[in-house]
Amino acid sequence: MSGALNDTALDQLFRTARTHNGFKPEPIPEATLRALYDLLKWGPTSANCSPARFIFVISPEAKEKLKPALSAGNLAKTMSAPATVIVAHDLDFGQRLGVLFPHAPGAKDWFADPVVEQTTAFRNGTLQGAYLIMAARSLGLDTGAMSGFDNATVDAAFFAGTRIKSNFLINLGIGDPSALFERSPRLAFEDACTIA
């Protein structure tokens, strides 16, 4: 490691970064989406399983497929965002462990139990979704992660015939500061942490 990031970088990633509810209409180039993935993919996952799958919903046709799944409170902001990422996880992630974790040839068997498979895919796919948020912020994009949608509808529209399951959505673009809520407080160290 090369030492701590400076305050400007820490502000951009954490302290002044916000969850955005409105976005400017500027499109996100495909090259930026590729750069985003090329950053987030390096975040650690259990046995390098990398179960997350991402759909960047950009086209009007894809937005119409997503629309019926959205709650009323998330509809307008999602339809107007330049991109919405469906963060999902593939329950068949074990099929790729021979490539992703080659120094343990039997790694696929570690996840043969359906409960372990589901837990591993969900936990690590969620981690990768968080890495996506941080990668987006590092590239100068704003994000608005959310639940507030019907997973079954999204899965039927985007993942039919697969074992890929949606987890959460992230609106992505250049945030409109006029649509921000007042910043909510956070817990103090003493309220959230214990040193044992």
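The values are calculated or read from the model by the stated rules, or taken from the named source; none is laboratory data. Since this is a predicted model, take the numbers as computed values, not measurements. We place every Cβ from the backbone using ideal geometry, glycine too, and count neighbours over all the protein chains shown.
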- Message: Exactly one condition in (1) more than 18 Å from M79 (Cβ to Cβ); (2) not in a loop (DSSP other than H, G, I, E, B) is false for A157; which is it?
- Response: (1)
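From the list A47, A31, which residue is small (G, A, S), at positive phi and out of contact with any Asp or Glu (no Cβ under 9 Å at 6 or more places or on another chain)?
A47
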- Note on the structure: Expected output for region 90-119 (first residue within 23 Å of D155 (Cβ to Cβ), partner in a loop (DSSP other than H, G, I, E, B) and polar (S, T, N, Q), Cβ below 8 Å, 6+ apart or cross-chain) is D90/T162; D92/T162; F93/S50; R96/S50
- Of all residues making up region 145-154, the number that are assigned to a loop (DSSP other than H, G, I, E, B) and in contact (Cβ under 8 Å) with a residue 40 or more places away in the chain: 2
- Query: So how many residues does region 2-37 have that are free of Cβ contacts under 8 Å to residues at least 12 places away in the same chain, part of a loop (DSSP other than H, G, I, E, B) and closer than 27 Å to F159 by Cα?
  - Reply: 1
- Query: Checking A69 against (1) buried (at least 20 other Cβ atoms within 10 Å of the Cβ); (2) within 24 Å of D38 (Cα to Cα); (3) out of contact with any His (no Cβ under 7 Å at 6 or more places or on another chain); (4) of a type outside the set (F, W, Y), which test does it fail?
  - Reply: (2)
- Task: Specify the residue that is nearest to T162 (Cα to Cα); the eligible residues are those in region 49-62 that are surrounded by 17 or more Cβ atoms within 10 Å (Cβ to Cβ) and of a type outside the set (A, V, I, L, M, F, W, C).
- Result: R53
- Message: Please determine whether any residue of region 92-111 is at pLDDT 95 or above, surrounded by fewer than 17 Cβ atoms within 10 Å (Cβ to Cβ), under 19 Å from the mean Cα position of the chain (by Cα) and not aliphatic (A, V, I, L, M).
- Response: yes
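State all residues of region 38-52 that are in a helix (DSSP H, G or I) and under 14 Å from the mean Cα position of the chain (by Cα); if no residue qualifies, say none.
D38, L39, L40 - these are the residues of region 38-52 that are in a helix (DSSP H, G or I) and under 14 Å from the mean Cα position of the chain (by Cα).
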- Query: Looking at region 178-196, which of its residues are touching a residue at least 24 places away in the same chain (Cβ under 8 Å) and either part of a helix (DSSP H, G or I) or buried (at least 18 other Cβ atoms within 10 Å of the Cβ) (or both)?
  - Reply: S178, A179
- Could you say whether any residue in region 165-177 is hydroxyl-bearing (S, T, Y), touching a residue at least 12 places away in the same chain (Cβ under 8 Å), surrounded by fewer than 22 Cβ atoms within 10 Å (Cβ to Cβ) and outside any loop (DSSP other than H, G, I, E, B)? no
